[in-house]
Amino acid sequence: MIMTAATQTSLRDAMYAMSLAKAVPDAELLDEFARLYPKYADALTEFAIELAIDSLMHRSDEEDVPADADAISDVVSRVMSQFENQLFERRQARAATPPARAATASVENPFAALDRQEFRALVSQLDVNSAFLSKLRDRTIEPISIPKAYCRHLAQEMDEDADAMAAHLYAPQESVAAGRQLYKAEGKPAATARQSFEEAVKTSGLSEEQQRRLLSFRD
Amino acid sequence: MARPLLNKNLARPPGIERKIDIALTQDWATLSRRARETNPQSGDFLPSECLVHLLRDAIRRGEDRIARVLMPQLLKRAEANLERTVPDSRMRDAESVRHEILSDLAMMFTQDGTEGHEDELDFYECKFLRALRFLRIDHVRKALSERKELTDLPESGDGQDEPALDDEMLARLSRMASIGPSQEDALYLPEVIKALDKLPPDQKRAVVLRRIIGHTEEQTAKICKVDKRTIRYRLAAADKQLKTMKEDL
């Protein structure tokens, strides 16, 4: 666990981080956290004491699994009911609220800064075609189906951070429309159903060789 | 490809990342079967960290059917852990505390991504049991404090010049903290730890900071904002109480 940013982190997050860092906190860990979060030093010391005693009481770091996968206790049943209700309310609230651009504003589209010429240059560099690259740009490919290896390759070719590229591919489609080279149509682009990576490769008019190479990216 | 974590200070263990990537390519029926596998040695077993990721992903994509299948399995594992760590014998109303913890855990998923809950579940995707440990300690601490079950034992008034009476026992605690208990220690030290947990807060702080966490006497005094002599006194008083308890075992 590497703790680098002390700022803007809540006490809760600091306690989580301490709990994850070591099975039993030691002097070095406590000193490190007190240095990183001087504002919370006292609270973290108290927590470390509880953590140390708890670790001695319950040393196991192994999963506790129920003996019977089908039996559901009253407690779990009640919690599931709460969960279903909350999930329903969340869906209702979402449906009633227009999509908030602000919610996705922090996810940057690495293609947005490219003008038409740069976009075409990237098409050549990646040895794909505009249709396929547009799908990556417009987030019309189901991100879980994109091989991590291809995401890394794309990030490397565009000189981007791999995590930032993955965050872009995972972001909702509505935040894409900021790019300079994107849309000619006057109408507002609507979110479309996402294709799988394989489908996107096979339906973009790529050559056999290009398709074979893209589909060879596997995790 | 697994969705990146929002908390940039965290990273999933590579083994978990690999298992998530594989699970993300599997269909609903396969995931449903794998989620019900209870043998951790089985290749089909999905670690809780994977279940957390799959649940978050399903809820974000509006795949509530998957969420409904995975959530009970995750809750049942958490419940099994809580039945061991917050047993009925530990405190009054332990079942209600376990319920509150499970409820908080489940609600994290419905609040995931909202203000104040942007990345809380990232911790659970990295080390589920240790993240759950924080939630458990936090709830138990609050419950004990609310129900005033932490009754301070009377301070020993004449122990100022007493030597540390049972260094051997506390050395065992310290060793147990770092390498795990020996067979002999495992027999009676859990009782010692419970007694340690019930010491008056000042003594408990001194013993844990000095003997378990491993601070020097000077550092312990500084953290407790007292002088070294007071720390020596508190340790001696704690030793005396723990020794009495050991003799009763």
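So is B:Asp227 within 9 Å of chain A (Cβ to nearest Cβ) and of a type in the set (Asp, Glu) or not? Quick ask: steps written out before the conclusion?
Values: within 9 Å of chain A (Cβ to nearest Cβ): no; of a type in the set (Asp, Glu): yes.
When the stated conditions are applied, B:Asp227 does not pass them.
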Handout entry: helices (runs of 4 or more DSSP H) completely within region B:1-108 that count 1 or more residues being more than 9 Å from every other protein chain (Cβ to nearest Cβ) and farther than 18 Å from A:Gln86 by Cα
Key = B:14-24, B:28-35, B:48-60
Practice task
Take A:Ala34 and decide whether it is farther than 20 Å from B:Gly116 by Cβ, in a helix (DSSP H, G or I) and touching a helix residue (DSSP H, G or I) at 6+ places or on another chain (Cβ under 6 Å).
Solution key: yes
Fill in the blank from the handout: Within region A:9-31, the residues that are over 17 Å from A:Ile53 (Cα atoms) and of a type in the set (Ser, Thr, Tyr) are A:Thr9, A:Ser10
Exercise for the section: Kindly check whether there is at least one residue in region B:21-37 that is under 23 Å from the mean Cα position of the chain (by Cα), surrounded by 15 or more Cβ atoms within 10 Å (Cβ to Cβ) and either closer than 16 Å to A:Glu63 by Cβ or outside the structural domain of B:Ile193 (by TED's automatic domain parsing) (or both). Expected result: no
Handout entry: Index of the failed condition, B:Leu55 passing every other in (1) under 21 Å from A:Asp54 (Cα atoms); (2) more than 17 Å from the chain's Cα centre (by Cα); (3) crowded, with 24+ Cβ neighbours inside 10 Å
Key = (1)
Exercise for the section: Tally the residues that are more than 7 Å from chain B (Cβ to nearest Cβ) and either within 15 Å of B:Ala35 (Cβ to Cβ) or at pLDDT below 90 (or both), restricting the search to region A:68-79. Expected result: 3
Handout entry: Residue list for region A:111-159, restricted to those being surrounded by 15 or more Cβ atoms within 10 Å (Cβ to Cβ), within 14 Å of chain B (Cβ to nearest Cβ) and more than 20 Å from A:Ala193 (Cβ to Cβ)
Key = A:Pro147, A:Lys148, A:Tyr150, A:Cys151, A:Arg152, A:His153, A:Leu154, A:Ala155
Exercise for the section: Return only the number of the condition from (1) buried (at least 18 other Cβ atoms within 10 Å of the Cβ); (2) at the interface with chain B (Cβ under 7 Å from one of its Cβ atoms) that A:Gln82 does not satisfy. Expected result: (1)
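The values are calculated or read from the model by the stated rules, or taken from the named source; none is laboratory data. Because the structure is predicted, anything quoted here is derived from the model rather than measured. Don't worry about glycine lacking a Cβ; one is built from the backbone with ideal geometry, like all the others, and counts go over all protein chains shown.
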